[in-house]
Each structure stands twice: as structure tokens, then as C-alpha cells.
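Written below as C-alpha cells is the structure these notes are about.
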Amino acid sequence: MSGHWGILVSDPWLQNQFTQVELRSLKSHFMSMRRESGRLVIADLASKMSRVKVVGENLSEEERASCVKDLYQNTEEEVDFELFLKVYLKLQTFVNSRTGSSPKNSLAFLKAATTTLLHTISESEKASYVAHINHYLAQDEFLKKYLPIDPSTNELFEIAKDGVLLCKLINVAVPGTIDERAINTKKILNPWERNENHTLCLNSAKAIGCTVVNIGTQDFIEGRRHLVLGVISQIIKIQLLADLDLKKTPQLLELLDDSKDMEELMNLPPEKILLRWMNFHLKKAGYKKIVTNFSSDVKDAEAYAHLLNVLAPEYTNPSTLAVKNPFERAKLVLEHADKMGCKRYLTARDIVEGSPNLNLAFVAHIFQHRNGLSAQTKQQMSLLETFPDDTQDSREERAFRLWMNSLGNSTYINNVFEDLRNGWVLLETLDKVSPGIVNWKIANKPPIKMPFRKVENCNQVVKIGKQIKFSLVNVAGNDIVQGNKKLILAYLWQLMRYNILQLLKNLRFHSRGKEINDADILEWANSKVSSSGSQSRMDSFKDKSLSDGIFFLELLSSVQPRAVNWGLVTKGVTGNCL
């Protein structure tokens, strides 16, 4: 995560062309060149930049010299670091223009001890997300003076720097996530107010299911385009996939071949349900292939043509499937979608190039607009009513899921009972909680096809649990593979408790070696609430007076004064605790 340190250059535009990793690598090259001769001038760059991979391997020394001479007439001018960066960018642009590759799509590597990647963004994705923001936030009282955003510029990243736009977008995706009174919306924000907005945005994004690992407030301040666009992409994706849930759209039961598949369908992530819905309609259309992704499987636009013919036969164009050129077919598909009233998230070029994010957004929008499923029936309702809804398990599963996702594992967890069954994410979590405790040499990395490999992973999970003194009587790795809810919840409760205890032990450094215990936590909480002027008090963690949630709201307010929406507190005990 970026901190308030790093290599800074005076030109903000130049700063935004590189990540800190790239700047450090280039700075290392620059310092090495300057040390060799004691003084680095423009005339030296043609030969010395041969060690930088992009411009060194793709241009000869004569070509580099010619390009530099065209840019700078005074070849004896001394080169500082910023001038070095500008020359590097100019040479890189020359390479791209000669090879026919676009800077936005090219992957540029630097030749260093460790190879680093220049982060690029997709202009098509940026344009689609800008259009989405312009549409959904057009009437916002604070943002309407900045909208519409021009997608052809980097205006989006400038507006996003104060954190307001991202907070507002989160509330569009999942209404009520952020109390908007907690957002600092002054015209000019000081660094602390801006930092509050960024922290609120990141915490809220994490709460609704975004992966925000290695993203910090400084990344927003510096306008790191690939990181900002990555967060925006995830927020929009969550909004578009919100209806792909059996509780919100019971008609999805029509996708089931057997009522026994209902639990499996409920546990699928939204993207998988969307694919299942798409293949359900494609089967009706007589399409023989199975679509397994939103990239290579839809590049020829044939699947889209069949899907739209089923959903909106009144707009069918017979020539769509007759056309042999995929690009022309993609254009006809988008014309069909427009007639249906579906907003475009992609162009014909994005379809044939297989842009996964934009294709996913396109299909999700079609589902929202016209899913083609039968109306809700009494049979569907009775099937939902007979399905067991264990509220306690749901609350615990959600708490553990949010905690594990916050650790930054390689796989995002949608359902702990399904996504932990191969043991890999549990091993990753154990390694995050206690680094070095996992023997990765005997671990099996997904995708895992053989069941016994999953059991091997889960056996190591159980073995490590016993090693760190978990209570795991009669628990075996196969119980996790089989998705035993009770045992998985018991393991996760002990694992999260272990993590919290480790954190408290680490606090001894700040308490002069004294180990933190329950009494210390109670004293801290009571002192915080008391300092805010409240008379509320917690005598123990079993105090029944805590059930109305007021004490915890006052504690939250004392730590983060703008975090609590006191206008909602009068709704009663359940409302307060939620």
C-alpha cells in the first residue's frame, strides 16, 4: 500500500505516468548512469539507455540518438531525473508508433534486477465507466456541477481525488452503505478531510465486496489511474450483478433441473449464475456451445446473437447470423441491444477483442433489463419457503466472509461453505494470520480436479489448527471438503479469535510490555464513551444492557464522530444493532 513517502517529481502529470515501483527502478538506472561518468548529459542518453529494455531492445543506438537530437538541440545540457523520465517516455512513444502498438494496450517492461510492469488502463473501460457515472450520478446535488465527465480526458481521476465521487458511487451500487453526512463535501478539502473520505470509501468498498488490497489513500491523492479504475470497475460490477440472487429474483429457480440443485445455485457467485442464465437461454435457442467465460467464448458474437433472438425476437435481424465477419456481426448485435433499450457498455471492437469486464457488464445489463424468465409462480414460492434459512449461520458466515476477504487472499470468497472446500483459501488465511506456518511444498494450488488433493489441503488445515491449540475433536479434512457447516463455522470462529488475540499481544509494545486483557478493553471502551459526554457504561461483555446497541453506537461515534447516523437510532433495538 502506498504511504506518504516515495519518489516524487515536481510535474504532477509526469508523476502519474509511473508507479512508485517503476520510479524506483528508473531512478536506480539514472543514478547508475550518472555515477559512471560523474555527469550525465543528453548526448550520453542514446548509448546509456540501451540497458532499459523497451527503448534498448526495440531501438538501435542510432535511432535513439536521432530521436533525442530531434527533441533537444543542446546535447550538452545536463540531465536531471525528471528530464530522464521525459526522454524515456518520448522514446517509448516512438517505439509504440513504429511497432503499431498503442500505449494504452502495450505492456512495457524495465530491465532491472526484478522485472516490473508499467500499469496501463483500457480506454474503452474508462469510457464505459464514465458513461455509467454520468448516468447514475447526474442528479447528485454535489457532483452535478462536475458532470458530465468527458471520457476522452483524465478528468475522472481528478474528480475522484477527493473521494466524494467514489463514496457516492458505492451508495448507488448498494444504497445506504454510507451515511452521506459523513462525507466531506466542501469545495476545498484540507488533507485530513480528504483522507477521511478516502478511508471511508475504502472501508465501504471492502464492506460491499470489493477487493482493495494494496490500495491506500495516497493512491487516490496521486491519481493512480489503474488503481482508481480498478475500484470503480468492482463497484459497478457489484451494482450490475445485484439482482442475480434467488431472494431478489426468485424466477432464477427456472434454471434448476432438479430441486436438489437449489442449494448449489444459491451458493454460486453472481458471475456463475449469470453464465448459467445465459446458457439456459442459449440452449432454448439451439446454440450448441457452452459459454464458460465472458471473453474468448463470446468473441465471435454468435452467442450474443442467439441470446438476443430469444429475449427479444421482435427485433431479430436474419442477417446477424448469416454474416461471417465477427466485427460486422458484433455491430448488428449491438443494434439489436439498442432496440431493446439496453444501455451499451461496450463497442463491437470490445466484443471481438474479448474484453471480460465490459462483456460481463453488457450481459448483466441485459439481465436487468429483460431476463426472459417466467413470472414468479406459487410453485417457486413454495420451494423457496421449504428451503431452510438458518439466520444464525447466515450472520456468522457473513462475518467470517468479510473478515477473510479483508485479509487480501488471492480468491474472493462469496460463500465460505463452498469456497473453502478445496482448503487453499484456508491455508492462505492461516499464513496471513501466522506467517510461515503453512508448508506450501505439500499444498495443492487450484484448480484442483482430484478430490483427494482437496482432502490433502484440508488435512493440513486441521493439522495446523491442532498445532495452534484449536479445539478440533473428531474433525477431519474431509469434513471441510464435504462442506460441513457446523464444523467450518467452529474452525473459522477459532481462527478469527486467534487472529484477534495475536493482534492484542502485539499491542503490548504500546503498553510497556503489559499484555492486553478483557479488563483493559472494557476500560478503554468505557473511557472513550465517557469522554464523549455519555453516561453509558459496559460492565462486562455479557452485559444485557448492551442489547439495544446504544453503547456501541456511542463508542463508534467517539472514535469516528461522523460515522453514526443518529437519525436512524430511534428505530429500535434491531435497527440500532444493524
Determine, from the Cβ-Cβ distance of E314 and S406 and an R0 of 41 Å, the FRET efficiency 1/(1 + (r/R0)^6), rounded to the nearest 0.05.
0.30
Between M31 and K463, what is the label-point separation in nm under the 7 Å Cα-to-beta-carbon projection?
4.4 nm
Using 10 Å bins from zero, what percent of all Cα-Cα pairs in region 123-241 falls into each bin?
14, 52, 34, 1
With R₀ set to 25 angstrom, the calculated FRET efficiency between the beta-carbons of N74 and L14, to the nearest 0.05, is 0.75
Considering only protein heavy atoms and a 1.4 Å probe, what is the carbon-and-sulfur percentage of the accessible area of region 162-216?
54 percent
Label model pair R370, K289: point-to-point distance (7 angstrom along the Cα→beta-carbon line) in nm is 2.3 nm
Just the number please: accessible area per residue for region 395-507, 1.4 Å probe, all protein chains included, in Å².
54 Å²
For region 395-507, what's the relative contact order in percent, using C-alpha pairs closer than 8 Å and at least 6 residues apart?
26 percent
Report, in listed order, any pair from K161/K528; K48/K86; K206/K528; K248/K299 with a Cα-Cα distance greater than 24 Å.
K161/K528; K206/K528; K248/K299
As a test of reading the structure, rank M49, M31, M450 by solvent-accessible area (1.4 Å probe, protein chains only), most first.
M450, M31, M49
Chain lengthening between R395 and E158 when straightened (0.36 nm per residue, less Cα-Cα):
81.5 nm
D539, D162, D245, reordered so the largest accessible area comes first (probe 1.4 Å):
D539, D245, D162
Tail beyond 14 Å, pair distance distribution of region 279-332 (Cα, percent)
49 percent
Any idea how far apart E180 and L265 come out in nm if each label point goes 7 Å out from Cα toward Cβ?
3.7 nm
One would report the Cα pair-distance distribution of region 424-474, bin width 5 Å, in %, as 5, 20, 32, 23, 14, 6, 0
For region 395-507, report the translational diffusion coefficient in µm²/s to the nearest whole number, using Stokes-Einstein at 4 °C, 1.567 mPa s, and a Kirkwood Rh over Cα pairs.
93 µm²/s
If only Cα atoms are counted, what is the Rg of region 267-374, and what is its Dmax, in Å?
12.4, 40
By per-residue mean of other Cβ atoms within 10 Å, what is the highest-first order of 228-236, 408-416?
228-236, 408-416
FRET E, pair E193, E62, Förster distance 56 Å, beta-carbon r, rounded to 0.05:
0.55
For R421 the rounded accessible area (nearest 10 Å², probe 1.4 Å, non-protein molecules ignored) is 70 Å²
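The values are calculated or read from the model by the stated rules, or taken from the named source; none is laboratory data. Since the structure is predicted, the reported quantities are computational estimates derived from the model, not experimental observations. All Cβ positions, even for glycine, are placed from backbone atoms using ideal geometry, and neighbour counts span all protein chains on display. Just so you know, the surface numbers come from the protein's heavy atoms only, side chains and all, with ligands and any DNA or RNA stripped out. Shrake-Rupley method; radii C 1.70, N 1.55, O 1.52, S 1.80 Å.
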